[in-house]
Amino acid sequence: MLILECPYCGVKADETELAPGYEAHLKRFGPSSSPEEFEAYMFARKNPKGVHFERWRHAYGCGKWFLAARDTATLEVFGTYPAQVGEPPAEIIAKIKAKRPDWKGFK
Amino acid sequence: MSTRLQKGGRLIDRSSAVEFTFNSKRMRGFQGDTLAAALLANDQMLVGRSFKYHRPRGIVASGAEEPNALINMGTGAQFAPNQRATTTELFAGLTARSQNHWPSLEMDIGVVNGLFARFLPAGFYYKTFIHPRAAWKHVFEPFIRQSAGLGQAPTEADGDRYEHAYAFCDILIAGGGIAGLQAALVAASSGARVMLLEQNAHWGGRAPVDGDLINGKPAEEWIKAVLEALGKMENVTMRSRCMVAGSYDHGYVLADENIADHTPGDGRPKHRLWRIRAGRIIAATGALERPLAFAGNDIPGVMLASAVRDYVVNYGVSAGDRTVLVTNNDDAYRTAIALREAGLEVPLIIDARAEVTGDLPAKARAMGIRITSGRAVVKVKGGARVSGVAIGLQAGEGAVLEEVVCDVVAMSGGWSPVVHLFSHCGGKLIWDDAQAHFRPDSARPPTNQDGASMVFAAGAANGALQGDAALADAGRVASNVVGELGLKTRGKLAKAVVCSEAAMEPVWVMPQGANTVLRAKMWLDFQNDVKVSDVQLAAREGYTSVEHAKRYTTLGMATDQGKLSNINGLAVLSGALNEPIPAVGTTTFRPPYTPVPLGALAGESRGEIFQPLRRTPMHAWHEAHAAYLEPVGLWRRAYCYPRGPETHEQAVHREILNTRANVGLLDASTLGKIVVKGPDAGRFLDMLYTNVMSNLPVGKCRYGLMCNEQGFLSDDGVVVRLSEDSWLCHTTTGGAERIHGWMEDWLQCEWWDWQVYTANVTEQYAQIAVAGPKARQLLEKLGGMDVSKESLPFMGFAEGTLAGLPVRVYRISFSGELSYEIAVAASQGLALWEKLIAAGADLGVQPYGTEAMHVMRAEKGFIMMGDETDGTVIPQDLNLGWAISKKKADYLGKRGQERTYLARPDRFKLAGFETLDGSVIPDGAYIIAEGVNANGQRNTQGRVTSTYHSPTLGRGIAMGLIVGGMDRLGDVVEFNTLPNGTVKARVVDPVFYDKEGEMQNV
């Protein structure tokens, strides 16, 4: 029942429009990757209590996948941004750091 | 005796009498009564039996916290169990029956449980029913099932109508007492959109009962003026009878509005469920009075002091002639004063506090009421009704100093704020030592998406228990909330004047040194029969966490969810653990605040509109031709088309034999159809499918497999090269939306620089499979395009017209016969279908359903997603290595399939099976192996995945997965059959019919 703003169409949507898609910014490991790399890609999820980056799809809206940064404990949303990035945008990182000085960072 | 007084009752209309029945007894009340008030007016104090010991239970409270007065309401399709009599508004013709007794309320056989109370201690479920093992099935379980549960389950479908409503507001205020009204005034003055919801039919809460003065006038006048003012404001929505059930993430609020519980049959929906998004929530939900734990506090006639006062002031009902009051605070003296003013006897006020000095006690004294301080109720006398109290020292162990005759004991152990809405989303509580309760900690609130506080408690819910403090607190909180929204308030805050109260003193066990006999008669949870001794036992047995103790003793697990018992129970637990109360903490508060009918949650989503139904363009034709429809996802597909007296099995066999001999039509419109187009479409499909799709020539079809990244099969279907830059991907019926989402996921999130466009066109086309040796003849009769073997060979694709309709024709076969799948615009699907039926009449054309399709594909050894696959099967397991490209460097699932354990020789692999006796292997059967596993179960070496009677071959055929797969050809294995037999089968090639493919390639 979260409300997230789709960064593509600007709609503030809730669970009637959004579909969740697990952790964001995973790096795909394909053929020739080591078992450890593949395991990390396939199975090792952070699942933190606190700042987390997630994939969401505006499934019953514009259909676009986007990414969200939020606190899994307080449900505070730091921002949403398009999926076509390798890591969170600098302004979202800065916002999280300002609000969560103890946060250890994205990596 | 409880009775109706000659005068009084601010909520009832004495000119309007209402008849109702309770346990088939005709009774009379007045318009405005609650059922509980009317029952008391008819001297019906006994209303039910407790859960475990079947002890007599009377009305305790006057509101939502009532644990005892639960009744079965109505009959037939209007029947509802577990309705609280204290919140049920009386109406003419109401029928109520008491619960949890046999044979009757007055004479209940289950009361013998009470004699065995020693043997039914806390956690008795876990201790008692262990040995002997057979006794569980034959003795314990039937007994528990017979005695478990309070109300009865309805036997008819709910005959009432329910609806959902959606709303948005800036500030939602839960609770329409004086704090809620004050908050609403402040919030509304800012121009913000305000919703004010009150669970009762009446506004104003307890203030009118308590006689508070607001702005120098009786509270009732101020309430009336405020309601009028708010009613005129366009930015304010007010609903009474609307219980805020819960607060959820990001300001989501659920509220249950009772519209027609009290006006059945007037055509309105019974309940309306509000689904609200609120910017900020103000919980002005008040406080609940706590019982006191003394021996016999569950005997009918022992009531909350506030409830006794409510019945006198609101309904003109006296719970009894002689009421003894027992309290640890000043508020309860209001009850004594109200009773005296109504002309009733109050022989004694027992105050546990050593000194009693407040203004209210002084007023009571002045009325001539005797007050005894530092005293306790040692025990209540009486069986089915209070007959008196024995009194001793609160500091003592229970020696009786004096006995007083009475028929009501009004108790007050102090007040606890209703913190539910604050706590539902993680708001934390702090312990208030002075008032001995938990209240919301505004420094640790539940938070919103912006990180700001989402719920604000105000008034009594915030620990400001008295009218003056509550009004001031609500004004302050509402002003803060308005300020946070960047708005300004206007107007002056109302001020209340109340009789001041001296400090209360916490009392958790009465008397404090009570012996074990007394403690075993002190009820904490009236409905579930949890006593002080049970909680202490749980602590001794090591249940030191409040959450564990709750589940072990069932404290607070009754339908009132611990509204009365929670704080008392954890105070007793903290005493037993010798830890301070805040260190023990509370159990988790979960929505709903009071029960919400399932009908309200379902709303309009029942029957035909429970979920959307997807219909193919030919759906109406199938229905008109007696098709038996089966659900496939949200679709309905024809399973078979029985003729006359045919069984489904006979119909399926006829359809198969006709398709194999003549020609059959299958409505294949539900197949997923996704167009993939663009300069990088080929490269993209090569990643998506295990085989190569980029080199598929224009005008050709190719079967393809899709896997997830773990390498397990996810979907399959035929891909068609429509043109140089576009492909059409067929998916399974259930997979269309999922696969389209999967494609978009990779295109948007991984390969976002690839130029590919996808469109799910499943519903834009109708698709008809025309299969059978006479399929070509049939199409030639329609005319319009060349469908010869030379122009349109097997696995070819052509566009043209048939019977004047533009079509795409694919030479693909899932039946093994000469087969054309014809796609046509959805709007022309029915027309083409009817033309095929008409033109094929003399060729013997018949429609066939999904079951015939399944059997025919199994005869051909074609796999089916969901039959041969279950999310743990890789293509190699199904001998589909030919459909996996060895040349491609990468595709989705390739790395997953390289995992070493997937190459283990003991994996189950696909083979065919033929029973030696020709019978059909049961669905879901396992292939048994030697020995047993660690659980004593027979080892297995495989399982059946598709099993049918083949009318073509006249015998049972099956596909299944077995260790060794096709290497086991010729082996005879055993499948289990129910209940405990086996059937022998030989491992064979899974292609049972036309192994060379001569039938489809003509």
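Read-outs throughout are calculated quantities, based only on the coordinates presented, and are distinct from any laboratory measurement. None of these values were measured; they are calculated from a predicted model. Glycine gets a Cβ as well: all are built from the backbone with ideal geometry, and neighbour counts include every protein chain shown.
Here are some notes:
- When the listed pairs A:K64/A:K97; A:K49/B:K428; B:K677/B:K700; B:K224/B:K270; A:K12/A:K64; B:K700/B:K886 are checked against a 19 Å cut-off, the alpha-carbon distance exceeds it for A:K64/A:K97; B:K224/B:K270; B:K700/B:K886.
- The spread of Cα positions in segment B:672-760, taken along each principal axis and listed from longest to shortest, comes to 30, 27, 21 Å.
- Above 16 Å, the calculated P(r) of segment B:522-584 contains 31 percent of its Cα-Cα pairs.
- Whole-Å semi-axes of the ellipsoid equivalent to chain B (Cα gyration tensor, √5λ, descending): 71, 33, 28
- Here the dipole of segment B:689-846 is about 700 debye; that uses its Cα centre as origin and unit charges on the Cβ of Lys and Arg (positive) and Asp and Glu (negative).
- Segment B:390-470, Cα convex hull volume normalised per residue, Å³: 144
- Cα-based convex hull, segment B:503-628, per residue volume (Å³, whole number): 196
- Using the alpha carbons alone, the radius of gyration of segment B:3-112 stands to its Kirkwood radius in an Rg to Rh ratio of 0.97.
- Translational D in µm²/s for segment A:4-99 (Stokes-Einstein at 4 °C, 1.567 mPa s, Kirkwood Rh from C-alpha pairs): 90
- Nearest 10 degrees, 0 to 90: helix B:467-484 Cα axis against chain B principal axis: 40
- Footprinting exposure proxy for B:S819, B:S950, B:S885 (fewest neighbouring C-beta atoms within 10 Å first): B:S885, B:S950, B:S819
- Fewest-first ranking of B:F712, A:F106, using other Cβ atoms within 10 Å as the exposure measure: A:F106, B:F712
- Semi-axes of the equivalent ellipsoid for the protein assembly as shown, computed as √(5λ) from the eigenvalues of its C-alpha gyration tensor and ordered from largest down, come to 68, 34, 30 Å.
- Of all DSSP-defined beta bridges confined to segment B:291-413, some 40% are antiparallel rather than parallel.
- Tilt relative to chain B, helix B:219-231 - C-alpha long axis, 0 to 90 degrees, to 10: 30
- Between the amide H of B:K381 and those of B:S387, B:G388, B:V389, B:A390, distances stay under 5 Å, these residues lying 5 or more places away or on another chain, with hydrogens modeled in the peptide plane.
- The protein assembly as shown: antiparallel DSSP beta bridges as a percent of all, rounded to 5: 75
- Across all directions, the shadow cast by the convex hull of segment B:904-1002 built on its C-alpha atoms averages 7.5 square nanometres.
- Cross-link reach list, lysines versus B:K563, counting only Cα pairs under 17 Å and skipping chain neighbours closer than eight places: B:K531, B:K550
- Residue order, fewest to most surrounding Cβ atoms within 10 angstrom, among B:W882, B:W833: B:W882, B:W833
- On Cα atoms only, tilt of B:566-577 relative to the major axis of chain B in degrees: 80
- Enclosed volume per residue, in Å³, of the convex hull spanned by Cα atoms of segment B:291-413: 86
- Mean residue ellipticity, 222 nm, helices only, chain B: the sum of -39500 (n - 2.57) across DSSP H runs of n ≥ 4, divided by residue count and rounded to 500, is -6000 deg cm²/dmol.
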